[in-house]
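Undergrad: Here you go, one structure.
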Amino acid sequence: METLLLNGEDVEANADTGAMIAAVEAAFAAYERGDVQMPAKSYVDLPQYNGDFRSMPAYVETDEWDAAAVKWVNVHPDNPADHDLPTVMGTLIYSDPETAFPRSVMDGTALTMKRTGAAAAVATDHLAVDDATSLGIVGAGVQSYTQLNAIAEVRPIEEVVVADQNDERVADFVDAFEDRFDVRGGSISEAGHCDVLSTVTPVREPIVGADDLGERTHVNAIGADAAGKHEIADEVLLDAKLVIDDYEQCTHSGEINVPWSEGALDEDDLYAELGEIVAGGKEGRTSEDAVTVFDSTGLAIQDVAAARVVYENARENGDGYEFEMIDLG
């Protein structure tokens, strides 16, 4: 038995979008049923390096498969300027639950991008209008690409409006997708008046207000991943059908963390966790719904589900590098 090493290119090549969306949806359903183990994300704070490490372990059991993994990820804001390294890097160990043998060590950075897009697609499928054909994106960084690719799997997206203060990034985004979609740069309000909106920025003051959204827009709030981050105005969150991925993470570091800590938002304002909707315990969008919001912080169960897809595809396709991590004699 050998361990499969998968770099970022291998992960990208084997991260089938449709399969990943299905796997992440199955993981959310398993979470609601209680068929997962997901200890709280743990932090190793390194103020002397202006950074930290985070560990995210989980085990998922569905009707068709089970899998286990742990992701080790950092946030070091000084890396690009001081060391010519990314701010965020991740490494994932994917293990056999029965034997604990490390089946794969893979790049967790690309995997995180893919599973985050898949989670937004799952939420969009349950919360957006059925005939959604337009997608707005605020923030034209790397996650914006994954958002479009994934959401286009669950809705017949034709028109795309991307808003970003960096004109060069908008131009790059348009160039990447103009052969597949009617895509253009625009304002936050123009993006927000699409059928679906994904926000993928690191801001700490809300940039999307009630007037920036259509009457029945579904919003994927992706950018807030730490205490103090906040993209969507409180009035939007209070009036919307508000769905979260995980209570503990969202109240601590998700889109709702700021109004929650200030007492402007409480449990009565939360409609459901996404797993409740996926598992059928609560309805998704109904004909009476106006704006819906999904607060996505990113869960370790998503990493496990996504890693399984990548590993199985890589094995089938003969990708990656096999090596003997454990000497079996």
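The values are calculated or read from the model by the stated rules, or taken from the named source; none is laboratory data. These figures come from a predicted structure and were not determined experimentally. Counting neighbours? That spans all protein chains shown, and the Cβs are built from the backbone with ideal geometry, glycine included. For accessibility, only protein heavy atoms count, side chains too; no ligands or nucleic acids. Shrake-Rupley method; radii C 1.70, N 1.55, O 1.52, S 1.80 Å.
Undergrad: Volume per residue, Å³, of the convex hull around the alpha-carbon atoms of the stretch 256-329?
TA: Normalising the Cα hull of the stretch 256-329 by residue number yields 217 Å³.
Undergrad: Could you tell me which label, among [x] 30, 55, 15, 0; [y] 32, 60, 8, 0; [z] 30, 52, 9, 7, 2, 0, carries the value of P(r) over Cα pairs in 20 Å bins from 0, in percent calculated for this structure?
TA: Given [x] 30, 55, 15, 0; [y] 32, 60, 8, 0; [z] 30, 52, 9, 7, 2, 0, the calculated one carries the label [y].
Undergrad: Apply the Karplus curve 6.51 cos²θ - 1.76 cosθ + 1.60, θ = phi - 60°, to the phi angles in the stretch 194-199 and return the couplings in whole Hz, x for Gly and Pro.
TA: 6, 5, 10, 10, 10, 10
Undergrad: What ranking do 201-207, 133-139, 246-252, 313-319 get when scored by the average of other Cβ atoms within 10 Å per residue, highest first?
TA: 133-139, 246-252, 201-207, 313-319
Undergrad: Cross-link candidates for residue 241: which lysines have Cα within less than 22 Å, leaving aside residues fewer than 8 places away along the same chain?
TA: Excluding near neighbours in sequence, the set is 229, 282.
Undergrad: Through the Karplus equation 6.51 cos²θ - 1.76 cosθ + 1.60, θ set to phi - 60°, convert the phi angles of the stretch 64-78 into ³J(HN,Hα) values in whole Hz; use x for Gly and Pro.
TA: For the stretch 64-78, the Karplus curve yields 10, 7, 9, 7, 9, 6, 9, 10, 10, 9, 10, 9, 10, x, 7 Hz.
Undergrad: Moving to a separate point now. What size of dipole, in debye to the nearest 20, comes out for the chain about its Cα centre when the only charges are +1 on Lys and Arg C-beta atoms and -1 on Asp and Glu C-beta atoms?
TA: 400
Undergrad: List the residues, sorted by chain then number, that are 5 or more residues from residue 154 or on another chain and whose placed amide H is less than 5 Å from its amide H.
TA: Distant-sequence amide H within range of residue 154: zero hits.
Undergrad: Would you work out what percent of the accessible area of the stretch 1-137, with all protein chains in place, is carbon or sulfur (probe 1.4 Å)?
TA: Accessible surface attributable to carbon and sulfur in the stretch 1-137 totals 50 percent.
Undergrad: Hey, another quick one. Just to check I understand the Karplus step: with θ = phi - 60° and J = 6.51 cos²θ - 1.76 cosθ + 1.60, what whole-Hz values come out for the stretch 43-49, glycine and proline as x?
TA: 10, 10, 7, 10, x, 5, 10
Undergrad: So how do 31-37, 120-126, 228-234 stack up, highest first, on mean other-Cβ count within 10 Å?
TA: Packing order, densest peptide first, comes out as 120-126, 228-234, 31-37.
Undergrad: A further question on this structure: With every protein chain left in place, what is the accessible area per residue of the stretch 84-229 in square angstrom, probe 1.4 Å?
TA: 41
Undergrad: Can you list residues from other chains, or at least 5 along the same chain, whose modelled amide H is less than 5 Å from the amide H of residue 198?
TA: The list, which skips near neighbours in sequence, is 136, 137, 138, 220.
Undergrad: Moving on to the next point. Roughly what % of DSSP beta bridges within the chain run antiparallel, to the nearest 5?
TA: In the chain, approximately 50 percent of DSSP beta bridges are antiparallel ones.
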